[in-house]
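Below is one structure; the comments refer to it alone.
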Amino acid sequence: MLSSSRFFYSLDRISASPTMRDLEATLDEVRHIYAISHMVLHVTRSSGNASNPLLMLTYPPEWVKQYLERDYFSIDPVVHLGRRGFLPVEWFASKWDSGRAHGFFKEAMAFGVGRQGVTLPVRGPQGERSLFTVTSNHPDAYWRQFRMDSMRDLQYLAHHLHDRAMVLSGMREAADVPQLSRREVQCLDMTANGLLAKQIGARLSISLSAVQLYLASARRKLAVATTSEAVAKAVALELI
C-alpha cells in the first residue's frame, strides 16, 4: 500500500470505529499496515485528572499483565519523559543505564515489545494527555528510514486516535462538524501537505501572521490543541 494510501485508509478506519473494542482492532490493523511491531495509546490523564484512565495496545497479553501487576508506570522512563515533554521521545535517547530502567527494558525486549521505538505526547483540548508509541524489531537502518518517511503520519494518527478514544470511552462528548472558512481550509490543507506557515503565506499571498491566525481559528473551531491534531481531525471529517 502506498504511503499516502495507508495514511488515509488508517484515518478512515479510526473514524469508522464505533466502539472501543473496534478501535483496539483497528489499532492492530494499522500496525500491520505500517509493518511495525506494536502500537500503543496510553491516556495518562483525562479531563477529570484521573491518572492512566485508558490503555489500548497490541503488546502480548503476558507483558501487559506483568506491566500492570508490577506497576511499571512508576519506572517506565518513556512514560516519565513523555508526561513532561511535548516532543517525540526516542527510545535510544532515553536513560536505560539506571538499574530499574535497564532491567525493565530487558524484560520488555524478552516479550517482543521491540528493539526501537518512538513515543509521541498528545495534548488534548480539555486538559487530557496521552502517549502514542510505535515500536519495531526491524534493523536499525530500516527503522531510521521508516522514521523519516512516516513521522508526520504518526503525529496525525496519534492525535486522531486520541480524539476518537476520548469520544468512544465517554471521556469527551462528540462535537458537531464545524464550519471552516475557505482560508482556514486552505491553510490546513497545505499544512497537511508539508508546507510551513511561511510557505503557505507565499502561496496565498498573505502574511505569516495571517496564516497563524487562520490556523489558530481552525484549531479553536475543531476544538483541538495543536495544528497536527487539527489536520488529522479535518481529514477525518473530510473537511480537507
log10 I(q)/I(0), Debye, Cα-only the chain, no solvent, q = 0.12 Å⁻¹? -0.69
Under 12 Å by backbone N from the virtual spin label 7 Å along Cα-to-Cβ at D189, the residues of segment 206-240 are 239-240
For A216 paired with D149, estimate the spin-label separation in nm (one decimal), with each label point 7 Å from Cα along the Cα-to-Cβ line. 3.8 nm
So how far apart, in nm, are the two label points at H80 and E24 if each is 7 Å from Cα heading toward Cβ? 2.9 nm
If you take the beta carbon distance between A141 and S181 as r and set R0 to 35 Å, what does 1/(1 + (r/R0)^6) give as a FRET efficiency, to the nearest 0.05? 0.20
So which helices of the chain fit the span-like rule, where a helix is a whole DSSP H run, its Cα atoms reach 24 Å or more along the axis, and its mean Kyte-Doolittle is at least -1.0? 140-168
Specify the longest stretch of the chain that does not include any exposed loop site, a site being one of the GluC sites (Glu not before Pro) with a non-H, G, I, E, B DSSP assignment and at most 14 other Cβ atoms within 10 Å. 1-172
Whose amide H sits under 5 Å from the amide H of S37, counting only residues 5 or more places off or on another chain, with H placed in the peptide plane? T135, S136, N137
Charges on Cβ only, +1 for Lys and Arg, -1 for Asp and Glu, centred on the Cα centroid of the chain; of L168, G114, S74, which one is farthest towards the dipole's positive end? S74
Suppose a student asked you for the relative contact order of the chain, using Cα pairs under 8 Å spaced at least 6 residues apart; what percent would you report? 20 percent
Considering every Cα-Cα pair within segment 174-231, what fraction, in whole percent, is farther apart than 20 Å? 16 percent
Working out 0.36 nm times the residue gap between E173 and F8, then minus their Cα-Cα distance, what length gain in nm do you get to one decimal? 57.0 nm
Net length gained if the chain between S205 and R123 were fully extended (0.36 nm per residue, minus Cα distance): 26.4 nm
Which residues' amide hydrogens lie under 5 Å from the amide hydrogen of R45, considering only partners 5 or more residues apart or on another chain, with H built in the peptide plane? N52, R129
Could you check how much of the accessible area of the chain is carbon and sulfur, as a whole percent, using a 1.4 Å probe? 53 percent
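The values are calculated or read from the model by the stated rules, or taken from the named source; none is laboratory data. As the structure is a computational prediction, the values presented were derived from the model and not from experiment. Please note: Cβ atoms are built from the backbone with ideal geometry, for glycine as well, and neighbour counts cover all protein chains shown. Remember, those area values only see protein heavy atoms, side chains included, never the ligands or the DNA or RNA. Shrake-Rupley method; radii C 1.70, N 1.55, O 1.52, S 1.80 Å.
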